[in-house]
Amino acid sequence: MTSSSTLWAALVLATAVNTSVIAGDVSNQVTSDDTQPSGQITNVLRSLAGALPVGSEAMRPFHGLMSENEDNKDDLNPAIPGMECYIDRILSYVSCYSPSIGTEKDADSLFRLMVDELQAALPSNRWVGMKQEPGIDSIRSYLYQDQKSYAHIDMDIVPRIEPQGTNSYMISMFAWTD
């Protein structure tokens, strides 16, 4: 496992430990959790879940600095720890990518942890999650959909071939308004 995937794994594992607390009773979360990576992930996802159904205007506060890596996109603000995230300037969709993950087994574990994190962060009275058939470029896919606006959050495991010829994987997340 590379150092970037090890860091990302640690962040997601910390998230998993906190997920049981979050799932138990969101209203009793201690404010100091906001400084922990899992608390930050949950808060960003919860904020996105609130803004996506409202539309582009509600997504404005998420626009950070102009991205150096992606044309016509801004960095997502606040960021999701352990992921590279951008928000499109025109359409206000969010795209996030993890660092490379060495094995499919590790990618699958991290994928399940992120799906669980989304489950904990999204209001269950509006958002419904469902396993999806993988797309052309992915091997696993999970979709959350807001039942009133049909906003979506899509999580995938994407296989990659590194320049050295070795296989690796990446977790991608896309969120968009309808």
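The values are calculated or read from the model by the stated rules, or taken from the named source; none is laboratory data. These figures come from a predicted structure and were not determined experimentally. Note: ideal-geometry Cβ built from the backbone for every residue, glycine included; neighbour counts use all protein chains shown. Only protein heavy atoms, including side chains, enter the accessible area calculation; ligands, DNA and RNA are left aside. Shrake-Rupley method; radii C 1.70, N 1.55, O 1.52, S 1.80 Å.
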Here is a list: Asp146, Asp116. Which entry is surrounded by 13 or more Cβ atoms within 10 Å (Cβ to Cβ) and out of contact with any strand residue (DSSP E or B) (no Cβ under 8 Å at 6 or more places or on another chain)? Asp116
Which of (1) surrounded by 21 or more Cβ atoms within 10 Å (Cβ to Cβ); (2) in contact (Cβ under 8 Å) with a residue 60 or more places away in the chain does Ile157 not meet, given it meets every other one? (2)
Which number in (1) modelled with pLDDT of 90 or more; (2) open to solvent by less than 70 Å² (accessible area, probe 1.4 Å) marks the one condition that Leu45 misses? (1)
I'm trying to understand the selection: among the residues of the stretch 59-71, which are open to solvent by less than 30 Å² (accessible area, probe 1.4 Å) and either assigned to a loop (DSSP other than H, G, I, E, B) or closer than 13 Å to Ala175 by Cβ (or both)? Met59, Phe62, Ser67
Restricting to the stretch 72-112, name every residue that is surrounded by fewer than 22 Cβ atoms within 10 Å (Cβ to Cβ) and modelled with pLDDT under 90. Pro81, Ile90, Leu91, Ser92
Strands (runs of 3 or more DSSP E) (entirely within the stretch 100-178) containing at least 2 residues that are of a type in the set (Val, Ile, Thr): 152-161
